[in-house]
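The values are calculated or read from the model by the stated rules, or taken from the named source; none is laboratory data. None of these values were measured; they are calculated from a predicted model. With ideal geometry, Cβ positions are generated from the backbone for all residues, glycine too; neighbour counts draw on all protein chains shown. Ligands, DNA and RNA are excluded from the accessible area calculation, which covers all protein heavy atoms including side chains. Shrake-Rupley method; radii C 1.70, N 1.55, O 1.52, S 1.80 Å.
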Amino acid sequence: MSYSHILVSVAVSPESHLLVARAVSIARPLDARVSLITLAAEPEMYNQLAAPMLENIRGLLQEETQQFLQELEDRAHYPVERTYIATGELNEHILDICRKQRIDLVICGNHNHSFFSRAACSAKAIVSSSQVDVLLVPLGN
């Protein structure tokens, strides 16, 4: 199958480099576009007294996430068209981006290796609701 735009779901972890490398290995021969999406870490809002401190933490987490995405782009040795930092339900953002940006392949990591663990993995929601091809890449042990 020929793909024109690949969306890679990444996390702020070293394993994301593997996902980007896999996307580039698929995209390069096809001259396809690659975009990245990740979830922003959200500190919990416990009460109004903690809100100012949590706002500072939120800013730091956002900056860390942006720096990691930039590192992924730099080490990809392939142009990254766009990066997205989402909050909330990742699968909803992925579905929306797929429709609006004409994504035709989504790449996700999978830490779960047993049959029962796979049924409950976070990628399940993406696979079950996706209108495009989804590639699950095994990560870790």
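The residue of the range 9-25 that is least open to solvent (accessible area, probe 1.4 Å), among those that are over 17 Å from ILE94 (Cβ atoms) and of a type in the set (A, V, I, L, M), is VAL24.
Among the residues of the range 71-88, how many are open to solvent by 80 Å² or more (accessible area, probe 1.4 Å) and free of Cβ contacts under 8 Å to residues at least 12 places away in the same chain? So the answer is 1. Here ALA40 meets the list (1) among the small types (Gly, Ala, Ser); (2) surrounded by 11 or more Cβ atoms within 10 Å (Cβ to Cβ); (3) modelled with pLDDT of 95 or more almost entirely, failing just condition (3).
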